[in-house]
Every structure is written in structure tokens, then in C-alpha cells.
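Down below is the structure, laid out as C-alpha cells.
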Amino acid sequence: MITFTPLSGAARSSQTKPLAYLLQVDDVRILLDCGAPDWAPEPAHTIIPDGAEEPSYHWETYCNSLRECAPTIDLVLLSHGDLAHTGLYPYAYSRWGLKAPAYTTLPVQAMGRIAVSEDVEGIRDEEDVDDEDEAKSQQESGAIELAERPSTPPPKTEGKKGKYVATLTEVQDAFDSINTLRYSQPTHLQGKCQGLTIIPFNAGHTLGGTIWKIRSPSSGTILYALNINHMKERHLDGTVLMRQAAGGVFEPLARPDLLITDADRASVVTSRRRERDAALIDTITATLTSRSSLLLPCDSSTRILELLVLLDQHWNYSRLRYPICLLSRSGREMLTFVRSMMEWLGGTVSKEDVGEEGTGNRQGHKRKRDDEGEEEALGAFALRFKHLEFFPNPQALLQTYSSKDPKLILAVPASLSHGPSRNLFADFAAVPDNVVLLTGRSEEGTLGRDLFEKWNDSQRPDDKWDKGKIGSNIMMDGALRLRMNHKVPLQGAELEAYQQKERAAKEKEAAHQAALARNQRMLEADEDESDSDSDSDADDEDEVRQALENDMETDGAGGDQEVGRRRKTDRGTGDVDWGLDGDEGLTKQLLSFDIYIKGNVSKATSFFKSAGGQTQRFRMFPYVEKKRRVDEYGETIDVGMWLRKGKVLEEDAETDEAKDYRLKTLAEEDARKAIREPPSKFVSSELEVQLACRLLFVDMEGLNDGRAVKTIVPQINPRKMIIVHAPPSATDALIESCANIRAMTKDIFAPAVGESVQIGQQTNSFSISISDELLATLKMSRFEDNEVGFVTGRIVAHANSTIPVLEPVITTVAKTASQQATLRPRTLGARPTVTLPHSTMIGELKLTSLKARLAAIGVQAELIGEGVLICGAGAKRNTASDTLGESVAVRKTAKGKVELDGNVSEVYYTVRREIYNLHALVAA
């Protein structure tokens, strides 16, 4: 039985992002994607319910639902490496107990790590994200470390009215725990998921984007295909779902039992790719040549690659000298990852046409490859954009280029909700002739979405973005109020108050430690009351030592020498050179050490004599000859391995309290070693921006439009379908399109957020063993790669086996027949009645396969209509005299029925025999 529940991104919803769905196959709970919303929506989109003091955001319901079900998840499948699909996974993994095995492809893991790291760094640099309350609630609910998976979810806790933003360490740990797969790599799961098989396929749209195929022995095949693109792009191939060479759907993905797909763009007609590229390039070139600049908001890891390849090719072809500036903390890291995964790329990206020159100069790259022998991989010269410059923040950009210099700026994030893109837009939009170029619609409720709607509303009805036209740029006017968040260092009275508070905290901690030490000394003194004399001597010695230290502090360097002499006299050591304990300066003054030979000069007897007497031996650097240490058997003894193993055994043997103390000590040491940031505070301000720039939208999202969706889905021809991630108009458009197709399923579901859809019925599976006698009597028929047969028997339970055995019933039937024969009087010439066997044909007849088989044996066949094949007309045989002049019509009807019409002739029996050969004939 299959149960599907959208946690976010449902159909007929105004909030189509983020994406997260709970799929339950029998007893296995699978989380499909785990996206994060935009944590900084515009204030105008804040929903304030009646009677509520604090604003309520759309993500609270989603986060509470995910928090409740996270500990009970058995499997996590991630399909794309952007924030909408993977953004909340690190937080749920580290804070909410989402410890189930997670699977995705290698590029999705790398791109998701970069996207989430960029997002959390940008948010934490602008806003105060409180983690203490959330960590406390986790400890109370027992959701931090789950040694054993609970059978029931933890008690529901009230979520905080804030943002669930992970730390960089949590992001790294979460993505390191993900298992990576290759395309078309079947993985048979174990544990509670035993019996399930998952296979990833190429989905297009993003690097490593995945269509998940889930096979269950009881529920059939489930296909999860969201955000796919069948078109070939510059850096990616189209999805494997549509094979142009095969002329249809990829066979392993056809006819699933359940298809889960999106309809976000089912009502959209996308313009041609050539027109979109031309509009983008023409706008950029015209703006730069007019000495103005462009701001292009983009994401940090996925769709930015298509833009970079397009811009690099245009810059190389047109020989432009304007800089391309990328404002991203992780830009270099992202390109480094991509260059190491060149086998996942497609399109026109190769080491010849996208790289240092980008002009297809094969010989030039060969010379460079000879000069740089250490970089011989495919990605060594690909995706090295010489016109691209990286900047971590807008301040670094302004230090390099003036605001008046023409340049193309790519800034993250694409939604303009925070980070460099928002900060630049506040100054950028007020300059006339500057252009803000949008390539995506962004999430609902963000500044990027507001700008897109402003542009789309200004277009003529025929030029809107969903009508297949490009549209034109518009001149923005009016004023726009923006909320800007900054992190500024403390100054003046605030800094003094902070420092005073820190000093008070340190003094309090020191007093607490001193009190603990004093109590410890008092306890030790109570234990050693019998040694009062020795204690008094020790007290006198402590007083003397304290006096010496006081003299040392007051006298300076001279006092140090006096203390040294006094120390010698007190100890009665004469002229022995003692160093004062803990006095580093005195030790260096009185003694001279060397790592090999002590002293400045050391005279020693040498074998070689010099003319002036014995030679002098000076300091020299020690040379240690490295020898390979082996035992008597010739093996190298790895001491480190035994030390590590012993350390692991010690850690396993130590108690929880000791382990907590050790971890706390290590954390304190790391905190002391870490470079402390200057004290700062988070400031939020309202800024009024006078809009004077131009605005243009060019769709570069790389997704299927309505025509492609309405064509591909009927060709997949699922038995049941669930629509998600779609607004109401797009959902109705796809349902209406499928309803007009006769062969398309009518079981189409579009659940809302939190609404569960149950597909199938609860089935019980049993194990049974076939006896050797019954197995010997089976007659198997071959069908494709399988052998099938009909079996009848009776189930017998043996005492020495837990699995029942199916045995033949021949003996029982023979006894019954003999008993009836003895009871009934025999009639001369009469025969006992015998039940004829009932035959069953297994398989599905394909008229194209039948036509090929008939052509192979010399019977001509031709398809004349839908589901009708005419056979025998003008058939050719080996000899001219053997001619079949009769015709037979083969017709397929509903419910797998095949009709064979024609006169009784050789053609009739030949065609019937071939139809039988295409099926498995099973006799009951």
C-alpha cells in the first residue's frame, strides 16, 4: 500500500516551494527532497492572523511537520542540489534526528553543500540566528542522537518563531553522511528497507539532477520525476526520460505503477532557446557599450553554470574586455568541484570549446597541456573563465572597480532577499540606464518575485512570459522601501558596556574557581591534620616563595639576578648553576642549550690532528638516517594503527560522564585557539530606494514548458499519477489535458499540504515451499526473460519446518476417482468423464513485434489503422509457386483481447501460431 503526503510544495497551492514529500511504501517511510524556504521574505508578504502578536510565516507548518516525522523516516532521496530540494536537510539531520540513510548523486551532494553553505553564511552575517532555544528543545524531546530508531515520534514541541538555519559545521557533517550513486545504478536496500530497489536517472535542469525509480515487490514501480528538462543545454544533456533516437519514452521508465510529477509550468509556453539567448546577449552588449552596468541575480551552484558558459562563449567570440564579476563566497570552490566532475556534464562543454580560449583551438590546448603536465584531466582546461573575477562581498568589488565602470555583476542569491544581490540592488537601482536582468521567477514573497511580477504586469498581453514571447525591458519608477540587515562592530559606550560585562563574567568565573580551589584545600587539610609540623614547614616555604616572587616583580631584571643568588644561597648549592623554575629569562641567561651539542664550543679528541693542536667541534644540525623498520618476518609494524585502535577502545570503555568532560575540554581548547571576532551587533534599517534603472526578464530556468509536459506524461502512461508543485491553474491544465486522452489513466490525484493519498490496498504476503515431486511435474513456458507455469496442490505444514510445503494432489484425486468407480455401476462402451485443461496466455501482444516475426518467415504484414494489422497480402515465399493469397486481420481490443479475422487458410494458421509464440501458454 502506498501513502503519499506533501509536507510542502503541493498542488493547487500559492506556495509551490520548498519541496518535501513523505512517501510510505508498506511500512517504509521515505522522504522525497527536503528543501528550505527563503528565510527573509518581504514584510508585505507577512501573514498576521487575528489575535497573534508575532507574525506567522508560511514555513512554520512545514517545519513543524518535518520535525515531527523526521525521527521516523527510513530513507531520504534528494533529486536536485538547490535550496528548494536540499536546503533544510542539514538542519533536520543535526537538530531533528533525520538520521535515516540518504541517497543522491555526487554532483547533487557537492552542489547542495555549496548552495546551503552560501545561504547560511549570508543569513548569519546579517541576522541573529538563536540556536540555544532550539538545542534545548531538542534535548528535552530527545531528538539529538538516536541510538535506536523510536517506534513512535517524539512528543510534539512548540517550534520557535524564527529561522531554522544550520551552522557550517552541521552543513558539512550532513552532506558527508549522504551516500552517492551513479546514474542507472540499482541499489538494493537493507534493513527495514529490505526489498526496495532505488535507481537514479538523469533528469536534466541541474548538474546531477535525478529522476528516482523505486521498485517494491508489493507496490510495484514508483517514478519520482520533478523539475525535468528534455532539452539539451550548453552544459547539460536533456533528461534520459525522452530518447529522441528511440522516438519515445525510455523503456525502463515507461508504464510505472505510480508517477509523481510536477505541473508548475503546465500552463506556460516557453519561447525558443535561440530567441532567449539572443535577447540576453543583446541586452548585455548594448548596456556595456553604453558605459552602463548590469546586475544579474543568480543562484550559487546550479543554474549559474549555464549562464557562465553562455557568457564565456559570447565574450570569447565578440572579444569583449568588460569584466564579469561574481559576488559569491563559494564561487571558486563551486567551479573547482565542477571541473572535477566533467563526466557528469554534457551539452557543448568540452576541453576544446569552453576553456581558456573557448574558440575550439585544439592545438593551443595541446601545447598548454604539454606545458602543464600536472593538469592532464578533462577538467584541467574546461570551465576556466578568464574574464570571470570573484569577489566575496560588495565592498571588495568597489575597491577594485568604480561604480561608474561598465561591468556585468552576477550576485547571489537570485531572490534578492539578502546577501550581495540585495545590497547591490539598493545602490544599483537608483542609477539611470543600469539594467537589472532577471533569469528566474524566484520564490513567492521575495523581492525577486516582486520585480518579476512588476515586469510581467507591464508587458502587453501577447508578450507576457508564459505566452512564448520574450518581451521588452521596462523603465522602473517610483520608490521602494527595503529592509536592510547588517552586522556592525560595537563602538563607544556599547563597546565599553560589552567589555565591562565580559570582565564581570570573567571575575565571577575566577571567583568561582577560587572558591572551588579553597574548598579543595580545606578538605585536604582536614585529611592531613596529623602532619601539622610538615604543614607548617610547607606554609613557611610558601611564604618565602611568595616573598621572592614579590621581590622579582618589583626589582625587574636586577631583582631577577638577586633572586637567583638568594635562591642559590638558600639551597646551599654553592656555585651550581640552577635555573629558577618558571623564570624563562634567567634560564636563557645562565644556560645555553643546543638540540645536538650543548654549549657554544666543545673541545673533544678527534682522530684527525691539526697543526695547531686538537680541532674544535662546533654545533651542527643533526641528521637522522631514515631506515625502514621491519620485524623478523619482513613486515612493517604500524605503531600508529595500534595506538589508534587503543584510543578507540579507551573511548568505548570510558563512561558517558568522562566522555562528556573530554569533549567539553576539547571544545574549550578549540574555542581558545579560534580567532575571536570583534564584538558586533545586528542592525536592521528601512531604506527607501528611488527606482530609475531598467528591468528585463529572460527565462533561463531550464525547465519543461506546458507543451513538453503534456506530451511526455501521456507517453509515460502511468497507471496512477500524483501531481505536486503546481499552482491551481497549472494543475487544472494538466488534469484536463490528460482527461482528453483515451488511453491515459483517470486515477490522477492532486493532494494539498498535509493531505494523505492512499493508493492500492493492504496486501499480505506469505512464503511457501514447493515439494520436489510437484516441481518435477511442472511444465514451464518461456516468456521474454521469464519462465511461468501453472501449479495446483495442497498446503501441508510439517513439524520440522516453519515454511509450509505445497505438495501434489494426484494421489488424493486418484483415490477419489477409484472410489467413485467402485460405487457406480459400469456401462458397456462408456468412458469416465475427464476435465479438459484450461489454457492461459500470458503477455501483451505488440503488433509491431508480430509484424517483424511475420516478415522474418515471409508473410507480408501492414498496419492500416489504430490497432489493426493486415497479414498475407502479396506474401513472398522461397518458391514462386508457394503463394498465400488469403488475408488475415489481427485486431487488438480493450482489456488485452486479440481478434483474428480471416478465412481458414495457411496464412490464418501461420499468423495464429506466431501469436501463440509471442505469449507464454500455461495450462491449468
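The values are calculated or read from the model by the stated rules, or taken from the named source; none is laboratory data. From a predicted model like this one, the values you see are computed outputs, not experimental measurements. Glycine also receives a Cβ, built like all others from the backbone with ideal geometry; neighbour counts cover every protein chain displayed.
Just wondering, is there one or more residues in region 515-533 that are within 30 Å of ILE123 (Cβ to Cβ), at pLDDT 85 or above and of a type outside the set (Asp, Glu)?
No, region 515-533 contains no residue that is within 30 Å of ILE123 (Cβ to Cβ), at pLDDT 85 or above and of a type outside the set (Asp, Glu).
Could you tell me whether any residue of region 250-266 is more than 31 Å from the chain's Cα centre (by Cα) and crowded, with 17+ Cβ neighbours inside 10 Å?
No, because not a single residue in region 250-266 is more than 31 Å from the chain's Cα centre (by Cα) and crowded, with 17+ Cβ neighbours inside 10 Å.
Name every residue in region 267-281 that is hydroxyl-bearing (Ser, Thr, Tyr) and over 30 Å from the mean Cα position of the chain (by Cα), in order of residue number.
SER271
Report yes if SER177 is modelled with pLDDT under 50 and not assigned by TED's automatic domain parsing to the domain that holds LEU345, otherwise no.
no
So which of ASN434, ASN473 ends up being over 30 Å from VAL116 (Cβ atoms) and in contact with a Phe, Trp or Tyr (Cβ under 6 Å, 6 or more places away or on another chain)?
Being over 30 Å from VAL116 (Cβ atoms) and in contact with a Phe, Trp or Tyr (Cβ under 6 Å, 6 or more places away or on another chain) holds for just one of ASN434, ASN473, which is ASN434.
Check region 263-271 and report whether any residue there is in a helix (DSSP H, G or I) and either of a type in the set (A, V, I, L, M, F, W, C) or closer than 28 Å to LEU83 by Cβ (or both).
No, every residue in region 263-271 fails to be in a helix (DSSP H, G or I) and either of a type in the set (A, V, I, L, M, F, W, C) or closer than 28 Å to LEU83 by Cβ (or both).
Of the conditions (1) assigned by TED's automatic domain parsing to the domain that holds TRP465; (2) among the hydrophobic types (A, V, I, L, M, F, W, C); (3) in a strand (DSSP E or B), ILE214 clears all except one; give me its number.
Going through (1) assigned by TED's automatic domain parsing to the domain that holds TRP465; (2) among the hydrophobic types (A, V, I, L, M, F, W, C); (3) in a strand (DSSP E or B) one by one, ILE214 breaks only (1).
For ARG321, all conditions in the list (1) in contact with a Leu (Cβ under 9 Å, 6 or more places away or on another chain); (2) of a type outside the set (A, V, I, L, M); (3) without any contact (Cβ under 8 Å) to a residue 40 or more places away in the chain hold save one; what is the number of the exception?
(1)
In this structure, does LEU296 turn out to be assigned by TED's automatic domain parsing to the domain that holds SER417 and at pLDDT 95 or above?
So LEU296 fits the description; yes.
Mind checking which residues of region 289-322 are assigned to a helix (DSSP H, G or I) and either over 29 Å from the mean Cα position of the chain (by Cα) or of a type in the set (Lys, Arg) (or both)?
THR289, GLN313, HIS314, TRP315, ASN316, TYR317, SER318
Starting from region 334-348, keep only residues that are assigned by TED's automatic domain parsing to the domain that holds ASN229 and among the hydroxyl-bearing types (Ser, Thr, Tyr), then list their pairs with residues that are crowded, with 17+ Cβ neighbours inside 10 Å and in a loop (DSSP other than H, G, I, E, B) whose Cβ atoms are within a distance under 9 Å, requiring at least 6 positions of separation or different chains.
No pair meets every condition.
Considering only region 781-803, how many residues are within 46 Å of the chain's Cα centre (by Cα) and closer than 27 Å to GLU914 by Cα?
Residues flagged as within 46 Å of the chain's Cα centre (by Cα) and closer than 27 Å to GLU914 by Cα within region 781-803 amount to 9.
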